[in-house]
Amino acid sequence: MKTADADVKRRKKTAAVAEVCSVRVGPTLFGVRICHILEIIGSARPQPVPLAPAYVGGLVHYRGDVLTTVSLRQLLGLPPKEGAQDILVIESASGNFGLLVDSVGEVLTVSSTDFEPTPATLVDHRKALLAGAYKLKDGLLVMLELDRLDPMRLGGAQAA
Amino acid sequence: MDELTREFLIESQEGLDRMERCLTELEGHPRDAALLGDIFRSVHTIKGTTGFLGFSRLEKLAHAGENLLGLLRDGKLNAEPPVITGLLQLLDGLRVILKTIEAEGNEGGGDDSALIERLMELQAPAQGMQKVRVRAGVSAAKVKDGREQENNGPKEQERASADVFISNTVLTPPPALIAESANPAPIVEPPTAPAQPDAVKPRAAVQSPAAESTLRVDVALLNRMMNLVGELVLTRNQVLQATAADPNMTLLSRRLDMVTADLRESVMKARMQPVSNIFSKMPRLVRDLTHSLGRRARLEMEGQETELDKSLLEAIKDPLTHAVRNSLDHGIEPPELRQAAGKDPEGTLRLRAVQEGSHVIIEVADDGAGIAVDKVRSKAIERGLITPERAAQLPERELLQLVFLPGFSTAAAVTNVSGRGVGMDVVRTNVEKIGGKVEIDSRAGKGTTLRLRIPLTLAIIPALIVRSLNQSFALPQAALSELVHIPPERAATAVEWIENAPLYRLRGRMLPLVFLGSLLMPGRECALDNTRDNFIAVLDADGRLFGLVVDGLADPEEIVVKPLSPVLKDIGLYSGATVLGNAELALILDPGSIAAKTGVAMSEDEESGEPADGAENNEASRCDYLLVEAGGRQAAVPLTDVLRIEQVPLSRIEYVGGRPVLNFEGQLLPVEDTGGVLAFSSQRISTALSDVEGPKEPKVVVVVCRDGNRQVGIAVSQVLDVAAGGGLFEAGTGERSSGVTLLNDRVTGVVDLGGVQVLPVVAAAPAEWNKVEETLA
């Protein structure tokens, strides 16, 4: 009974749909809510920063500002990719940052009824980066926890 | 908040600032009518406007102050210290309320009755004389009470006396006051001073034209303008690079270049404010501190008109306040001690601002006790800030700089003013945050000078772009003292090693080297490449000289500093990033951090001492030289003597009695031609000599120099460089040899300007190009 109740409640509450930008990193399709995205910089070559923490993907020029980018590949433990990559410019409370991904896909409209929380079996530090997943027809769209991807947060987490 | 209130706040704050300045000045000239008039006007304006805006709390307080000021201005009361203290309290009270209005939109619920009573009380002497003569005996006694307790809060006794006077005022309110409080006009007839209204009016009239030609601009807007100009500079750089090859665009891009430079300068100027904006706060601070600390000090200020970027000015306010506090608390001794030491019991605190190139120097100097170096040393060792061995090695000057370390204080007792050991640390942190530097200089018993070196502006700095790891990096020109070029053939021998610390012999002085490549990519080999040119950028970071070996040099560029994410700042090598003309991003290297980072490593590996130590003595005898080439030889001309470098057509060189002269700005300039440049040039083109107007007309370079009161020219084939030359000391005797200097590692002859023949004496022996040659490295 309890589960059924919860189910009903959830359906009621979250009949809402969300627009999510899908990005590909390695074999996985990730999703970022479009309301957090300021701009997409296509095929960029960020300037590497020597001695920077590994997760820093380099610097890019964005509207007069120099943005630090976070390499999703590196965070996920994937080997670095050669050549140009796409960058999502993410709005964040502590200043904007770039998210370096293999390629940006399309904007999908997802319904929260398809949402599943992150499985408990995932390794902790990896789990923290993910917010759950949407079930799509042909696979999963793994949502990113943008707050955790902020370079400031990542820096703090690594130092701790 | 509505526009009117905002306007009122700004105006009032300005008025109060002016009032503060005048009040402290008033103490020195208690009868200065102009000052009193000024102060009166400030308070009066506030009072008038508040009535209109309905700020009754403010109005009441201002009213109380105005009454007192009115008496002062009419000469019915003397501006004695208690009165000034009271007025300063009034000022603070008004400021508090204004702040509340700014923050909350209303006056807040504070109670000012104590302050108002206090102000009433201060009026007492005058009123006592004027209006309550009957009670003269009583009031006089009570007034005395009140005066004696000027700094305390209202005590029972005082309250009693105050009550009496309040009732006086209430009983006999000047009729003008009532009418006036409802009148918002800023300049009204002063209520209690019908005698001198003229003194007020003309001044106000004079002020208005200035007000019309100036405009208040929101700082946020100025910041935005500065950012946009930064963007424009970047775009210009890119356009210039992109159009460099296209002759059609040259004119346009040159115009763009000029306009951008002009615009940049104007916007920067718009952000400039005179340092008097913060200096003016100091008299009050000094006054309050001297009173509470029992010191006597005279404040001298110099260079108040020096201008500094608004944001920088804000940033140095705290450090400067700290410095002044420190000077008064630790520096200037109590009067008895000063007298005992044979000094003027009144100490001097000197604030000085002066612009030096792209920096503004602000000095806080006192003639107090100074800092005992031994104390600093033992304290630093005691606090574990430095090892005893290291402390023994450091020269005094550097030991003094230890006071800037966090947790350092030599004050025996913690006072409420300073001594907690945070002051100097704060000073340094704040100043360094804005790219400035702090230095302290002190002589025990004589005084201390704190020198803040502040860059004129933050946003746009000249930088040299260097290459390393196939990437561009920007080196701020401010830290760059020179560039050393090492050709491939010297690459193998140029670097010397002590253990694993690379050194380069720069004019006889061992320069520690840092290889940028291996610094940024640990594990990369530290060696010069013998297949190409190598460059060492000699950097001066906080007096620490070191050479940064880079893979290559690109152009110098004006860069716009963009902040870096704190994550990257924490690496401790970069102070920011920038976008270059070719749209490439470049990290801005921070020479200070590089020195700190690598310096630590060096002293761990090998206690080689400060490599700079030995050469330090040389410093005094060093000066800059213009390196010229004439007749295939190099010679040096002291840069201070060089007036200008002229390129003149050979035909303009005329001969008087066989000696070459140049008609230079209407004066006859004897030209020295020991190198045979003139002869050589004229020989080479003797055939074309008749064709003076022709495009091929040969030109010679004449360095116009000053020799005492006269000017002489020196014909050279080429100007090579400007370099700092060190003095040379004769082996054995240690005597300084004249006529030669060490320049770019070579012993170079200095041109003897005095030896140039005086005109019109016909040429005899020309001055010698002193012997050159002989390389050291």
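Can you pull out every residue in segment B:559-594 that is touching a residue at least 24 places away in the same chain (Cβ under 8 Å), of a type in the set (G, A, S) and open to solvent by less than 10 Å² (accessible area, probe 1.4 Å)?
Those that are touching a residue at least 24 places away in the same chain (Cβ under 8 Å), of a type in the set (G, A, S) and open to solvent by less than 10 Å² (accessible area, probe 1.4 Å): B:G581, B:A586.
Go over the candidates B:L4, B:L61 one by one and state the one that is touching a helix residue (DSSP H, G or I) at 6+ places or on another chain (Cβ under 6 Å), aliphatic (A, V, I, L, M) and touching a residue at least 12 places away in the same chain (Cβ under 8 Å).
B:L61
Out of all the residues in segment B:452-480, which are surrounded by fewer than 16 Cβ atoms within 10 Å (Cβ to Cβ) and assigned to a strand (DSSP E or B)?
Matches in segment B:452-480: B:P462 only.
Which residue out of A:L75, A:L141, A:L59, A:L51 is of a type in the set (A, V, I, L, M, F, W, C), under 27 Å from B:G230 (Cα atoms) and either crowded, with 18+ Cβ neighbours inside 10 Å or within 14 Å of another protein chain (Cβ to nearest Cβ) (or both)?
Unique residue meeting the criteria: A:L59.
Report, by residue number, each residue of segment B:46-56 that is open to solvent by 40 Å² or more (accessible area, probe 1.4 Å) and assigned to a helix (DSSP H, G or I).
B:F52, B:L53, B:S56
All but one of (1) without any contact (Cβ under 8 Å) to a residue 24 or more places away in the chain; (2) more than 12 Å from every other protein chain (Cβ to nearest Cβ); (3) surrounded by 18 or more Cβ atoms within 10 Å (Cβ to Cβ) hold for B:R507, so report the exception by its number.
(1)
Just one of the numbered conditions (1) out of contact with any Pro (no Cβ under 9 Å at 6 or more places or on another chain); (2) open to solvent by 60 Å² or more (accessible area, probe 1.4 Å); (3) closer than 30 Å to B:V219 by Cα is not true of B:E11; which one?
So B:E11 meets the others, but not (1).
What pairs come out if I take residues in segment A:141-153 that are more than 23 Å from B:L568 (Cα to Cα) and pair them with residues that are of a type in the set (S, T, N, Q) and in a loop (DSSP other than H, G, I, E, B) whose C-beta lies under 9 Å away, six or more apart or interchain?
The qualifying pairs are A:V142/A:T118; A:M143/A:T118.
Across segment A:17-35, which residue is farthest from B:G572 (Cα to Cα) among those that are open to solvent by 70 Å² or more (accessible area, probe 1.4 Å) and of a type outside the set (V, I, T)?
If we take residues in segment A:17-35 being open to solvent by 70 Å² or more (accessible area, probe 1.4 Å) and of a type outside the set (V, I, T), then A:E19 is farthest from B:G572 (Cα to Cα).
Read through the list (1) at pLDDT 80 or above; (2) away from every other protein chain (no Cβ under 14 Å); (3) touching a helix residue (DSSP H, G or I) at 6+ places or on another chain (Cβ under 8 Å), then give the number of the only condition that B:T493 fails.
Single failed check for B:T493: (3).
Which is within 17 Å of the chain's Cα centre (by Cα) and of a type outside the set (S, T, N, Q), of A:L59, A:L76?
A:L76
Can you pull out the residues in segment B:242-270 that are over 30 Å from B:S311 (Cβ atoms) and either open to solvent by 50 Å² or more (accessible area, probe 1.4 Å) or touching a strand residue (DSSP E or B) at 6+ places or on another chain (Cβ under 7 Å) (or both)?
Across segment B:242-270, the qualifying residues are B:A242, B:A244, B:A245, B:D246, B:P247, B:N248, B:M249, B:T250, B:L251, B:L252, B:R254, B:R255.
Would you check if A:D114 is more than 14 Å from every other protein chain (Cβ to nearest Cβ), more than 24 Å from B:E584 (Cα to Cα), within 12 Å of the chain's Cα centre (by Cα) and surrounded by fewer than 17 Cβ atoms within 10 Å (Cβ to Cβ)?
Spelling it out, it is not the case that A:D114 is more than 14 Å from every other protein chain (Cβ to nearest Cβ), more than 24 Å from B:E584 (Cα to Cα), within 12 Å of the chain's Cα centre (by Cα) and surrounded by fewer than 17 Cβ atoms within 10 Å (Cβ to Cβ).
Considering only residues that are part of a strand (DSSP E or B) and either under 19 Å from B:L228 (Cα atoms) or at the interface with another protein chain (Cβ under 8 Å from one of its Cβ atoms) (or both), which ones fall in segment B:549-585?
B:E557, B:E558, B:I559, B:V560, B:K562, B:Y574, B:G576, B:A577, B:T578, B:V579, B:L585
Within segment B:280-289, identify whether any single residue is among the hydroxyl-bearing types (S, T, Y) and outside any helix (DSSP H, G or I), and answer yes or no.
Yes; the residues of segment B:280-289 include at least one that is among the hydroxyl-bearing types (S, T, Y) and outside any helix (DSSP H, G or I).
Which of the residues belonging to segment B:70-129 are in contact with a Ser or Thr (Cβ under 9 Å, 6 or more places away or on another chain), of a type in the set (D, E) and closer than 22 Å to B:P30 by Cβ?
Selection gives B:D74, B:E121.
Might you check whether a residue that is open to solvent by less than 20 Å² (accessible area, probe 1.4 Å) and on the phi > 0 side of the Ramachandran plot occurs anywhere in segment A:93-105?
no
Which of the residues belonging to segment B:333-367 are surrounded by 21 or more Cβ atoms within 10 Å (Cβ to Cβ) and under 11 Å from the mean Cα position of the chain (by Cα)?
Correct list: B:A353, B:V360, B:I362.
Please tell me if A:G83 is surrounded by fewer than 22 Cβ atoms within 10 Å (Cβ to Cβ) and within 14 Å of chain B (Cβ to nearest Cβ).
no
The values are calculated or read from the model by the stated rules, or taken from the named source; none is laboratory data. What you see is a predicted model, and the numbers here were worked out from it, not measured in a lab. With ideal geometry, Cβ positions are generated from the backbone for all residues, glycine too; neighbour counts draw on all protein chains shown. Calculation scope for accessible area: heavy atoms of the full protein, side chains included, ligands and nucleic acids excluded. Shrake-Rupley method; radii C 1.70, N 1.55, O 1.52, S 1.80 Å.
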